[in-house]
Amino acid sequence: MGDDLRSPAGRPARLAAWDGASRPFVTPSLLNCDFSKVGEELDALRRDGVVAVHLDVMDGHFVPNLSYGAPVIQDWRKRTDFTFDCHLMMSDPGRYLDDFVKAGCDIIIFQIEAVPDPTGLIARIKAAGCRASVALNPPTPLSAIEPYLDSLDAVLVMSVMPGFGGQKFDASVLDKVRALRSGRPGLWISIDGGIKPDTAELAVAAGVSQMVVGSGVFRPDGNYAAALAELAEGIRRGTERGSAPAPPVGPPSHE
Ligand code: DX5
Ligand code: ZN
């Protein structure tokens, strides 16, 4: 990989790598990594065959937590050619969009609850050469994003309320995944929150293209390769039962 892939100019090649990865795949969320040694964490994921990482940006306003912003991502960009799947959990993503584009993010995800009419924002993301994705929280109905589906590159179905890693998977959101998948067989559908091998199986059977995994990869024993192998096994099981009847859905865990 040349240096260009580790700069904003390498975006087309990084998106091509994303498109070329065998689906469905796991995108580790760095929210749960060891921030004292992010470079080493990225190298370990690369050795384990990961092609993209998910970056959780939290503003302490849209969500009750703070994480990191564009200057930090810009430094990570110099270190890695991973595709950056950037989840903006922010009240005003449009205000900072240019910073994240310049920092080398590739897929830009905003929250529909923060931007009820995202027509202009989607156009700006695409004009910058990035992919535009919208996230919707567990209580948010599909009707909130339906008017924009034709102009979006992807949809991220949140399976926890955003703000923290390590929460319990809300299986009720699988109804939204199934509805999206049956209406739009070619749509890129991501899911984020509480994904472990068993819930990866459910998500894949419902039709997701990609799973964001934080605590399920960066687990305390540090054996990310084993975690990814167990997730791959869950994905295999989910793919096998993809055409089977939908699993029963439990009550929502969000109050
Ligand atoms: C939640 C974030 C997620 C989170 C996932 O606010 O958007 O990306 O890091 O972490 P796990 O997999 O532990 O639920
Ligand atoms: Zn996320």
Exercise. So, in Å, what gap is there between the alpha-carbon centers of the stretch 1-48 and the stretch 133-202?
Worked result: 22
Exercise. Placing +1 at every Lys and Arg Cβ and -1 at every Asp and Glu Cβ, with all other atoms neutral, what dipole size does the chain have around its Cα centre, in debye to the nearest 20?
Worked result: 440
Problem set entry | Structure-based [θ]222 nm, the chain - -39500 (n - 2.57) summed over DSSP H runs of at least 4, per residue, nearest 500 | -10000 deg cm²/dmol
Exercise. Counting only the heavy atoms of the protein chains, how much of Arg23 is accessible to a 1.4 Å probe, in Å² to the nearest 10?
Worked result: 140
Problem set entry | Inter-label distance, nm, simple model (7 Å from Cα along the C-beta direction), Ala123/Glu146 | 2.4
Problem set entry | Partnerless cysteines, meaning none of the other Cys C-beta atoms lie under 4.7 Å away, in the chain | Cys33, Cys130
Seminar exercise, completed: By the mean-Cβ-within-10 Å protection proxy, highest first, 229-238, 210-219 rank as 210-219, 229-238
Exercise. How many lysine pairs are close in the stretch 3-241, with Cα atoms under 18 Å apart and the two 8 or more places apart or on different chains?
Worked result: 5
For this session: Quickly rank 179-187, 24-32 as a protection proxy: mean count of other C-beta atoms within 10 Å, highest first.
Result: 24-32, 179-187
Problem set entry | Debye log10 I(q)/I(0) at q = 0.07, 0.12 Å⁻¹ for the chain, Cα point scatterers | -0.21, -0.64
Seminar exercise, completed: Two pseudo-spin positions, 7 Å from Cα along C-beta at Asp34 and at Ala225, lie apart in nanometres by 1.7
Problem set entry | Cα-projected label distance for Leu66 with Arg236, points at 7 Å along beta-carbon direction, nm | 4.5
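The values are calculated or read from the model by the stated rules, or taken from the named source; none is laboratory data. Bear in mind the structure is a predicted one, so any value in this text is a computation, not a measurement. Ideal geometry is used to build each Cβ from the backbone, glycine not excepted, and the neighbour counts take in all protein chains shown. All accessible areas refer to the heavy atoms of the entire protein, side chains included, with ligands and DNA or RNA removed. Shrake-Rupley method; radii C 1.70, N 1.55, O 1.52, S 1.80 Å.
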